[in-house]
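Below is one structure, written out as structure tokens; comments come after it.
Only the coordinates and a few stated rules stand behind these numbers; no lab work does. Not measured: the values here are computed from a predicted model. Note that we place each Cβ from the backbone using ideal geometry, even for glycine, and neighbour counts take in every protein chain shown.
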Amino acid sequence: MFYRLEISQTYHKLESQGKKISFFSIISIIGKYLGVNVLSRSRVIRDKEFYSYTIISHNKESQKKIIDYFNRYPLLSSKYLDYKSWLFIVQKQKENPITASYLKEAQLIRKDYNKTRTTYNWDHLIDCYLFVEDE
């Protein structure tokens, strides 16, 4: 199981001098922290070319760092749900390191990620650290 983070190579707004702002420096810091390489990707969708940077966590050490980070600084969007699904599969993999008994379940879970997500649960926002009630 791997964790992949992909981000556009440049910020959509321009600096004051009209230059595009690159995300390379921040993705490089994340890649270095995780001990993985930064990959560059280009793809064409409907006659428009997109450029992105990608890092892929593919080992136990980098996965542990990702888990520690997102447990400390939880995401607030549906990406949180994707993370929790990913974490569930990683835990199943740890419980069954020799067999692939969890693969069918993992494949079903993986079909409900990102753009293909159809199930939503926002209970994690109930006690969100951003929402403080007035006293």
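Data for the structure
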item	result
Stokes-Einstein D (µm²/s) once Rh is taken as the Kirkwood radius of the range 1-72 over alpha-carbon pairs, at 4 °C in 1.567 mPa s	96
Candidates per GluC sites (Glu not before Pro) in the range 74-134, loop by DSSP, up to 13 other Cβ within 10 Å	Glu133
Cα-based convex hull, the range 74-135, per residue volume (Å³, whole number)	91
22 Å Cα-Cα reach of Lys94 towards lysines, excluding residues that sit fewer than 8 places from it in its own chain	Lys60, Lys64, Lys65, Lys84, Lys104, Lys111
Radius 12 Å from Cβ of Thr116, net charge of other residues (Lys, Arg +1; Asp, Glu -1)	+2
The chain - Kirkwood radius from inverse mean 1/r over Cα pairs (Å)	17.4
Among Ser28, Ser78, Ser42, residue whose mean-square fluctuation peaks in a GNM of the chain (springs only between Cα atoms under 10 Å)	Ser42
GNM top mover of Lys13, Lys111, Lys94 - the chain, alpha-carbon springs below 10 Å	Lys13
Residue with peak Gaussian network fluctuation, the chain [Cα springs, cutoff 10 Å], from Ile67, Ile89, Ile26	Ile26
Relative packing of peptides 51-58, 3-10 - highest average C-beta neighbours within 10 Å first	51-58, 3-10
